[in-house]
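A.B. asks: Below is one structure. I have some questions about it.
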Amino acid sequence: MGNFEKAFAIVVGVEARLSLDPNDPGNWTGGARGAGVLKGTKYGISAKAYPNEDIANLTLDRAQALYRADYWNKVSGDALPYPLCLLVFDCAVNQGEGIARTRMQTALGVVADGVIGPKTIAAAQASTVEHWGAFMTLRRHRYEQSPDYPRYGDGWSNRLFIVCLLSGA
């Protein structure tokens, strides 16, 4: 099993069920509470990000194709070592691929311009558990800044711990 397949299995396992929480802005096609249609999120594929997808009937194969094209490839997952590729991929799915790229660069100590080029790849290849921990801490800080943190913060924190534990790092 390759890194994408391992990472996908972990992330989709965290995301798996259909959520129709009306308080979650990601569940609405308009990207805000009460905006558009409440279609929900399934396998981490949200109505906000994919307003034209049939979320309730989304298949695992379709979710995997969307994950690879819109998250894994956009964070250069194939060029990142395991488990960093998993941690960054999970961030892309849950917090956005732009956030994932810049937070990774910050944790690696390279210019956080959001462009995954040779310097970022070299730093990623040389990264250690301290870099991975710094990346996860930056993710937690971002969650804490969200106005939704009081409602969803414990779940987001659990997600960070679960992904770290399942990474095998």
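The values are calculated or read from the model by the stated rules, or taken from the named source; none is laboratory data. A quick note: this is a predicted structure, and the numbers were derived from the prediction, not measured. Here Cβ is always computed from backbone atoms with ideal geometry, including for glycine, and neighbour counts include all displayed protein chains.
A.B. asks: Inspect all residues belonging to the stretch 38-51 and state whether any of them is at pLDDT below 95, β-branched (Val, Ile, Thr) and either part of a helix (DSSP H, G or I) or in contact with a Gly (Cβ under 9 Å, 6 or more places away or on another chain) (or both).
C.D. replies: Checked the stretch 38-51: at least one residue is at pLDDT below 95, β-branched (Val, Ile, Thr) and either part of a helix (DSSP H, G or I) or in contact with a Gly (Cβ under 9 Å, 6 or more places away or on another chain) (or both).
A.B. asks: Same structure again: Do any helices (runs of 4 or more DSSP H) entirely within the stretch 106-169 hold 1 or more residues that are under 16 Å from VAL11 (Cβ atoms) and of a type in the set (A, V, I, L, M), and if so, which?
C.D. replies: Of the helices (runs of 4 or more DSSP H) lying wholly inside the stretch 106-169, those with at least 1 residues that are under 16 Å from VAL11 (Cβ atoms) and of a type in the set (A, V, I, L, M) span 129-144, 149-167.
A.B. asks: Name the single residue that is surrounded by the most Cβ atoms within 10 Å (Cβ to Cβ) among those in the stretch 1-49 being out of contact with any Leu (no Cβ under 7 Å at 6 or more places or on another chain) and aromatic (Phe, Trp, Tyr).
C.D. replies: PHE8
Conditions tested, residue by residue: (1) in contact (Cβ under 8 Å) with a residue 24 or more places away in the chain; (2) of a type in the set (Lys, Arg).
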| residue | (1), (2) |
| --- | --- |
| TYR50 | no, no |
| ASP78 | yes, no |
| ASP90 | yes, no |
| GLY96 | no, no |
| VAL115 | no, no |
| ALA123 | no, no |
| ARG140 | no, yes |
| PRO147 | no, no |
| GLY153 | no, no |
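A.B. asks: Now for a separate question. Residues being touching a helix residue (DSSP H, G or I) at 6+ places or on another chain (Cβ under 9 Å) and more than 13 Å from VAL93 (Cα to Cα): count how many of those fall in the stretch 10-20.
C.D. replies: The total comes to 3.
A.B. asks: Also, quick follow-up: If you check ALA107, ALA92, ALA122, ALA134, which single one turns out to be among the small types (Gly, Ala, Ser), more than 29 Å from ALA65 (Cα to Cα) and either modelled with pLDDT of 95 or more or surrounded by 14 or more Cβ atoms within 10 Å (Cβ to Cβ) (or both)?
C.D. replies: Numbers: ALA107 fails: more than 29 Å from ALA65 (Cα to Cα); ALA92 fails: more than 29 Å from ALA65 (Cα to Cα); ALA122 fails: more than 29 Å from ALA65 (Cα to Cα).
One residue alone meets the criteria, ALA134.
Matching residues to (1) under 24 Å from SER146 (Cα atoms); (2) part of a loop (DSSP other than H, G, I, E, B):
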residue: ALA7; (1), (2): no, no
residue: ARG17; (1), (2): yes, yes
residue: GLY34; (1), (2): yes, yes
residue: ALA65; (1), (2): no, no
residue: ALA69; (1), (2): no, no
residue: ASP78; (1), (2): no, no
residue: TYR82; (1), (2): no, yes
residue: ALA92; (1), (2): yes, no
residue: MET104; (1), (2): yes, no
